[in-house]
1. To the nearest 0.05, how large is the calculated FRET efficiency for T86 and T273 if R₀ is 25 Å and r is the Cβ-Cβ distance?
2. In whole Hz, with x marking every Gly and Pro, tabulate ³J(HN,Hα) for segment 113-122 from phi via Karplus 6.51 cos²θ - 1.76 cosθ + 1.60, θ = phi - 60°.
3. Simple spin-label model, 7 Å along Cα-to-Cβ: Y319 to I382 in nm?
4. Hey, any idea what the orientation-averaged projected area of the convex hull of segment 275-392's Cα atoms comes to, in nm²?
5. How much length is gained on full extension from E144 to N61, taking 0.36 nm per residue of separation minus their Cα-Cα distance?
6. Please list the non-local residues whose amide H lies under 5 Å from the amide H of I152, H modeled 1.01 Å from N, same-chain partners needing a gap of 5 or more.
7. For a paramagnetic label modelled at 7 Å from the Cα of R115 toward its Cβ, which residues of segment 200-231 fall within the zone defined by backbone nitrogen distances under 13 Å?
8. Determine Rg/Rh for segment 2-160; Rg is computed over alpha-carbon atoms and Rh is the Kirkwood hydrodynamic estimate from the same atoms.
Amino acid sequence: MSISLTIPKTLDLTAIRREFPILNREVKGKPLIYLDNAATSQKPRQVIDALVHYYSYLNANIHRGIHSLAEESTAAFELSRDAVQTFIGARFREEIIFTRGTTESINLVAYTWGRKNIKAGDEIIISTMEHHSNIVPWQILCEEKNAVLKVIPVNDAGELIMDEYEKMLSPRTRMVSIVHVSNALGTVNPVKKIIELAHAAGALVMVDGAQSAVHLDIDVQDLDCDFFGFSAHKLYGPTGVGVLYGRKEILESMPPFQGGGEMIKEVHFEKTTFNELPYKFEAGTPNIGDVIAFRSALEFIQSTGKELIRRHEQDLLEYAQQQLEKVPGLTIVGKAKEKVSVVSFILAGAHPQDIGILLDNRGIAVRTGHHCAQPLMDRFCIPGTARASFAMYNTRQEIDELVKGLLRVVKILA
Ligand SMILES: Cc1ncc(COP(=O)(O)O)c(C=O)c1O
């Protein structure tokens, strides 16, 4: 008997949309069209169920208790660490540190590795297209240590100018902290090449994976990065959970981030010794329920199929870019060759905020403003953009509605 395995070529969007209860609601009397996924994605039923299950059956503080609930919740929490390890291809489970989000992951590195290793005259490289959370922690560190912050410029298409980056690297470069995918433009940066060049110069690399983890396959060993940070809430998971991946030997050499329970081995007034990895960096009671529910989000992505999701999102990106050209006066900001499903645009005669309000009246949620990337907006000499960002549950019909909404905006404002 032969068994035929049929692998679907496209996503079953009706089935997928059924899994996201929020997509059934209306906004201003219209069906919700949620195109703000780069800010945060919606949550599938199994993530919501995991949270309800945790608080209904498992709730207990982890690692310290010997009673059954404590043991069960500890086991579930640690299973999430294993799931993250697999998801990003880390060599060791103790290289996975749970944080509150990408912001905290980057701050952790800047505060601990940075304060120990950066000295006056050292150089840290970031880029023009960084989110504020990958600018400000390094600015604070550079100010404190009298170090120098260097910035890779961006071309008109919204791509890093790699020649300039190469010229910037020197024996004084200690850290390159770079965004994998721009939240404001959708540009996918050549991080593997960036890491190779940084390592050749003797520098470490922190990758801000807030936007890439949901769209791209992440393999931290293949990338060869030293640190990689991302947030669960942009991966169909709960808010308040992030991950810092760090190379084990580097994490071991770093001082702790926060002091408190869990991160210690022994505390005496004369001397305190610190816990081993990963607990050394997880002071206090973590966000247990949300970390546990994050595993359900990763399972949901895996069972849906990351490659199918990626193909669908690329189709939406191409369709959106084509259709938006039909709107008079609309200019897409960011036309990199390598992009994920994020489209930023401006409309002649219309302030991005007004575009956002008028679209919201039609139930369409887009993000407007500087997208926490003000230096990038300065680079393009604009105060901000309107941004539509697509997830696995979005459809071409929703893009048609966006275009109709924008044509109406043109009639009213332009
Ligand atoms: C590229 C990038 N980096 C960092 C962050 C910060 O993530 P969080 O607010 O989840 O800490 C974001 C959030 O939008 C982002 O898009």
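Computed from the coordinates by the stated procedures, all read-outs in this text should not be read as laboratory data. Keep in mind that this is a model prediction, so the values were computed, not measured. Please note: Cβ atoms are built from the backbone with ideal geometry, for glycine as well, and neighbour counts cover all protein chains shown.
1. 0.20
2. Going residue by residue, I get 4, x, 5, 7, 10, 8, 10, 4, x, 5 Hz, with x marking Gly and Pro.
3. Inter-label distance under the simple model: 2.3 nm.
4. Mean shadow area of the hull around the Cα atoms is 11.2 nm².
5. 26.2 nm
6. Here the answer is I126, S127, T128, since their amide H atoms fall under 5 Å of that of I152.
7. none
8. Value, to two decimals: 1.08.
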